[in-house]
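Chemist: Here you go, one structure.
The values are calculated or read from the model by the stated rules, or taken from the named source; none is laboratory data. As the structure is a prediction and not an experimental result, all values here were calculated from the model. Here the Cβ positions follow ideal geometry from the backbone for every residue, glycine too, while neighbour counts run over all protein chains shown. Heads up: the accessible areas ignore ligands, DNA and RNA and are worked out on the full protein's heavy atoms, side chains in. Shrake-Rupley method; radii C 1.70, N 1.55, O 1.52, S 1.80 Å.
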Amino acid sequence: KDPLHVAGNHDIFNIYSFDSQKHYANGILYNKSTYYASRVNLSRNLSFVKINPFPFPSPSTSIIWWISPSSRIKNEISDFLRNRHQISIYHPEVALAHIPSRMWFPSFSSTLSNEDNNVRIYLCGHLHPEKPRILHHGKAIEIVGTPLFLYDQIGILAYDNGHFSYHQMDLTAE
C-alpha cells in the first residue's frame, strides 16, 4: 500500500484557492472529491479516515498555527465520520490529521466520542511533543505523536484481533 498523507500547516499556506498553481498538495495529498475527509479501506475489517480541514484562501504560516474551519467544513467532517452506510457498524477506523482535535475546532473531541462513528484512534502531530500525548474521547483515543526530525522516535500502531495498541520506538536505541 502507498503511504497515507494528510496536509499540515507547512504544506498549505499562502494559497489563494484550491486550484491555485501554488497548491502543490492538490492531486497528491487529496483532490476535490476527497478534500475534507476521505476513507481508505486497508482491509475489509479496518479503514483509515484522512482529514484535511484547511480552508482557502489559506493564511501565512505564522497565522495558520490555529485552524478554524467554517461551520460547513466542521459539519461535513462530522457527518462523514457518522456516515455508516459505507462501513460495518463494527468496522473500526483510524482517523489521521495533522492538527490535534481541540486545536482545529473544540467540538471535534465530542465528535470523536460520539457513538455514531467508528473512530477508535485519532493520530495527529503539530505540537512536536517530546513524548506522545494521549487523550481519551469516549471510545476513541487521540495520540499526538512525536516528530521524527526532533527526537528520532516513531509511533507504531498495531491492530490485532479487533484491538489496537500503540508503542513509541526510539530509533537510536540499540
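Chemist: Which members of the stretch 79-91 meet the condition of being at pLDDT 70 or above and open to solvent by 10 Å² or more (accessible area, probe 1.4 Å)?
Modeler: Just the residues of the stretch 79-91 that are at pLDDT 70 or above, to begin with: 79-82, 91.
Passing the criteria: D79, F80, R82, H91.
Chemist: List the number of the failed condition for L123; all other conditions in (1) surrounded by fewer than 16 Cβ atoms within 10 Å (Cβ to Cβ); (2) under 13 Å from the mean Cα position of the chain (by Cα); (3) under 21 Å from L4 (Cβ atoms) hold.
Modeler: Tallying (1) surrounded by fewer than 16 Cβ atoms within 10 Å (Cβ to Cβ); (2) under 13 Å from the mean Cα position of the chain (by Cα); (3) under 21 Å from L4 (Cβ atoms), L123 fails exactly one: (1).
Chemist: Within the stretch 137-151, is there a residue that is part of a strand (DSSP E or B), in contact (Cβ under 8 Å) with a residue 24 or more places away in the chain and open to solvent by 60 Å² or more (accessible area, probe 1.4 Å)?
Modeler: No; the residues of the stretch 137-151 include none that is part of a strand (DSSP E or B), in contact (Cβ under 8 Å) with a residue 24 or more places away in the chain and open to solvent by 60 Å² or more (accessible area, probe 1.4 Å).
Chemist: Now, a different point. Picking from I99, I73, I67, which residue would you name as being aliphatic (A, V, I, L, M), modelled with pLDDT of 75 or more and over 21 Å from L157 (Cβ atoms)?
Modeler: Values: I99 fails: over 21 Å from L157 (Cβ atoms); I67 fails: modelled with pLDDT of 75 or more.
Unique residue meeting the criteria: I73.
Chemist: Tell me, yes or no, whether the stretch 92-102 has at least one residue that is without any contact (Cβ under 8 Å) to a residue 40 or more places away in the chain and either open to solvent by 40 Å² or more (accessible area, probe 1.4 Å) or within 18 Å of V49 (Cα to Cα) (or both). Steps first, please.
Modeler: Applying the first criterion (without any contact (Cβ under 8 Å) to a residue 40 or more places away in the chain) to the stretch 92-102 yields 102.
With either open to solvent by 40 Å² or more (accessible area, probe 1.4 Å) or within 18 Å of V49 (Cα to Cα) (or both) added as a condition, the list becomes 102.
Scanning the stretch 92-102, I find at least one residue that is without any contact (Cβ under 8 Å) to a residue 40 or more places away in the chain and either open to solvent by 40 Å² or more (accessible area, probe 1.4 Å) or within 18 Å of V49 (Cα to Cα) (or both), so the answer is yes.
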